[in-house]
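Peer 1: There's a structure below that I have some questions on.
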Amino acid sequence: MKICQLCAVDFTLYHFLLPLMRAMREAGHEVVGVCAPGTLVEPVRAAGFRVETVPFDRSFDLAAHARAYRAVSGLFARERFDLVHVHTPIASLIARLAAARRGVPRVAYTAHGFYFHDRMNPLAYALFAGLEWVGGRFTDILFTQAEEDAGTARRLRLCRGGAIEAIGNGSDPARFHPAADAAERASLRAELGLAPDRVAIACVARLVAEKGYPELFEAMRTVDADLLVVGDRLASDHAGSIADRIAAVERDPVLGRRIRFLGYRRDVPALLRAADIFVLASHREGMPRSIIEAMLSGLPVVATDIRGAREEVRREETGLIVPVLDPAALGAALARLVAEPATRERFGAAGLARARDLYDERKVVARQLARLGLVR
C-alpha cells in the first residue's frame, strides 16, 4: 500500500511518528511523511522517507488553513494514497476534508489528545468537540491513546463507522532505561554539575503555560531540590508564552539557584537517568509520552489529575497525582518525594515494571498495524 503519515509540524513527525513509519515500511508498504517545513524534516528524510511539506499553521487563521487545504488536496490528487493516517487537530481536520474530496479509499485518525477538555468553558468545548465531530464524518477508524478519550469519542460519535480504539502510547525501552550502575549515574550527574547528595527533579515539556510551568515554578519555592527543565517553545506554538516567568525565575535569589533551563536536548534519556524524580504539571494532555519515558527510566512521577496522566500513573504505587493549577499541592508532593528516598525507589521500581508491560513502543505500533490490516 501507499500510505501517508500526516501531521502539523516536523517535531511530531520526527519524535512521535518515525517508529510507526519504519514499521509500516518494514511490513512492505511505501510511506510518505507530510508536515509543515522545519529543521526536523531532514532527519526524517535521512531515515529514508520522502517528506512533502505543506504550509500548516497552528493558529485560528482561516486564510492560512485555506492555503493548507489547497496544498493537501493537490497532494492527494497527485499521490493517490491507499491510506491517509492523520495526526494533530488542525492538520487532521484539513486533511480529512481534502481526503474526502479526492476520494482517498481509507482514512485513519490518531487523536493524541482532544483539544477540548473538562476544564474548558462550555461554548469552547462545544466548538472544538463539534469540529471533531465534523472530521469524524470523514474518518474510517479513530485511534486514541488514552482509554478515557476513547470513551469520550464513542459518547460523542466522533467516527462515522464507530471504529474507535485506544491504542495506548509508548516509547523505546532500549533508549529509556535506568542507569546501568552507580558509576554511570554519577558520571551523568557530574556532567550536569549536580552535587552527589542533591535531589534532581526533571521536567520534559514545551515551554508553554499549559504545561503547568507557572505552578511548578511557584511550587519549587518550598522544594529544596534542583529542577531540570528540558524543552523549548516551538516556533509554531500558539499556547501561552512563559518568557516573563522564566525571566522572573532567573532574577529570583532562591529559584534562580534551584531551577535550570536546559533547552531542547537530544540526550533526554541520559538526563532522565541522572534525575531522581519526574514531574509534569500540565493542564491538559492526551497520554503524555514524557511520563512513560520517565517510568521506563525508573523514576517516580508527580503528575496532575488530567486524562492520560491519571491512566499512566498509579497513585501511591508509581507516583503521586495532584490537582491541576495547585502549586501548594504540587510542592507538597515533590517535597515528600525529596524527603523519602525509599518511597522514590519503591515508586520508581513499580513504574518501571508497569511501563515495560504496558508502554513498550513496539506493542503500540504492532497494535496499529494489525488494526489497520497492514501485516499478514
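Peer 1: Of everything in segment 19-31, what is surrounded by fewer than 19 Cβ atoms within 10 Å (Cβ to Cβ) and touching a helix residue (DSSP H, G or I) at 6+ places or on another chain (Cβ under 8 Å)? Give them in sequence order. Let's see the steps before the verdict.
Peer 2: Taking segment 19-31 first, the residues surrounded by fewer than 19 Cβ atoms within 10 Å (Cβ to Cβ) are 19, 22, 25-30.
Selection gives P19, A27.
Peer 1: Inspect segment 172-192 for any residue being closer than 26 Å to P323 by Cα and part of a loop (DSSP other than H, G, I, E, B) and give the result as yes or no.
Peer 2: Keep residues of segment 172-192 that are closer than 26 Å to P323 by Cα, which gives none.
No, because not a single residue in segment 172-192 is closer than 26 Å to P323 by Cα and part of a loop (DSSP other than H, G, I, E, B).
Peer 1: Next question. If I go through segment 186-222 residue by residue, how many of them are within 21 Å of M295 (Cβ to Cβ) and either of a type in the set (V, I, T) or not assigned by TED's automatic domain parsing to the domain that holds I277 (or both)?
Peer 2: 3
Peer 1: Restricting attention to segment 326-376, which residues are outside any helix (DSSP H, G or I), modelled with pLDDT of 95 or more and aliphatic (A, V, I, L, M)?
Peer 2: Across segment 326-376, the qualifying residues are L372, L374.
Peer 1: Say we look at segment 154-171 and pick out the residues that are of a type outside the set (S, T, N, Q), surrounded by 19 or more Cβ atoms within 10 Å (Cβ to Cβ) and part of a loop (DSSP other than H, G, I, E, B); which of these is nearest to the chain's Cα centre (by Cα)?
Peer 2: G170
Peer 1: Quick one: how many residues across segment 178-205 are surrounded by fewer than 18 Cβ atoms within 10 Å (Cβ to Cβ) and touching an Asp or Glu at 6+ places or on another chain (Cβ under 8 Å)?
Peer 2: Number of matching residues: 1.
Residue by residue, here is whether (1) touching an Asp or Glu at 6+ places or on another chain (Cβ under 6 Å); (2) more than 27 Å from R233 (Cβ to Cβ) holds:
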| position | (1), (2) |
| --- | --- |
| L13 | no, no |
| V34 | yes, no |
| L62 | no, no |
| R67 | no, no |
| R70 | no, yes |
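Peer 1: Among the residues of segment 97-140, write down those that are surrounded by fewer than 19 Cβ atoms within 10 Å (Cβ to Cβ) and polar (S, T, N, Q).
Peer 2: N121, the sole residue that qualifies.
Peer 1: Taking A333, is it more than 30 Å from V31 (Cβ to Cβ), aliphatic (A, V, I, L, M) and buried (at least 20 other Cβ atoms within 10 Å of the Cβ)?
Peer 2: So A333 passes the test.
Peer 1: May I ask you to say which residue of V268, V301 is among the β-branched types (V, I, T), out of contact with any Cys (no Cβ under 8 Å at 6 or more places or on another chain) and more than 18 Å from A350 (Cβ to Cβ)? Give the steps one after another, and end with the answer.
Peer 2: Working: V301 fails: more than 18 Å from A350 (Cβ to Cβ).
Every option except V268 fails the conditions.
Peer 1: Looking at segment 32-46, which of its residues are of a type outside the set (D, E, K, R) and either surrounded by fewer than 18 Cβ atoms within 10 Å (Cβ to Cβ) or not in a helix (DSSP H, G or I) (or both)?
Peer 2: V32, G33, V34, C35, A36, P37, G38, T39, L40, P43, A46
Peer 1: Scan segment 92-116 and report the pairs whose first residue is within 17 Å of E79 (Cβ to Cβ) and whose second residue is of a type in the set (G, A, S) and not in a helix (DSSP H, G or I), with Cβ atoms within less than 7 Å and a gap of 6+ or a chain change.
Peer 2: Hits for this filter: zero, empty list.
Peer 1: Oh, and also: Any residue in segment 278-297 that is in contact with an Asp or Glu (Cβ under 6 Å, 6 or more places away or on another chain), small (G, A, S) and either at pLDDT 95 or above or within 19 Å of A225 (Cβ to Cβ) (or both)?
Peer 2: Here is the first cut: in segment 278-297, the residues in contact with an Asp or Glu (Cβ under 6 Å, 6 or more places away or on another chain) are 281, 283, 291.
Now narrow it down to the ones that are small (G, A, S): 281.
Among the residues that remain, those that are also either at pLDDT 95 or above or within 19 Å of A225 (Cβ to Cβ) (or both) are: 281.
Within segment 278-297, one or more residues are in contact with an Asp or Glu (Cβ under 6 Å, 6 or more places away or on another chain), small (G, A, S) and either at pLDDT 95 or above or within 19 Å of A225 (Cβ to Cβ) (or both).
Peer 1: Separate question: Can you tell me which residues in segment 333-371 are among the hydrophobic types (A, V, I, L, M, F, W, C), within 22 Å of the chain's Cα centre (by Cα) and within 24 Å of R106 (Cα to Cα)?
Peer 2: The answer is V364, V365, A366, L369.
Peer 1: Which one is nearest to L369 (Cα to Cα) among residues in segment 139-192 that are of a type in the set (K, R) and touching a residue at least 60 places away in the same chain (Cβ under 8 Å)? Spell out how you get there, then give the answer.
Peer 2: Step one: list which residues in segment 139-192 are of a type in the set (K, R), which gives 154-155, 157, 160, 175, 185, 189.
Checking which are touching a residue at least 60 places away in the same chain (Cβ under 8 Å) leaves us with 175, 185, 189.
Working: R175: 22, R185: 37, R189: 39 Å.
Per the criteria, the residue is R175.
The values are calculated or read from the model by the stated rules, or taken from the named source; none is laboratory data. Keep in mind that what you see is a predicted model, and the values were worked out from it rather than measured. Here Cβ is always computed from backbone atoms with ideal geometry, including for glycine, and neighbour counts include all displayed protein chains.
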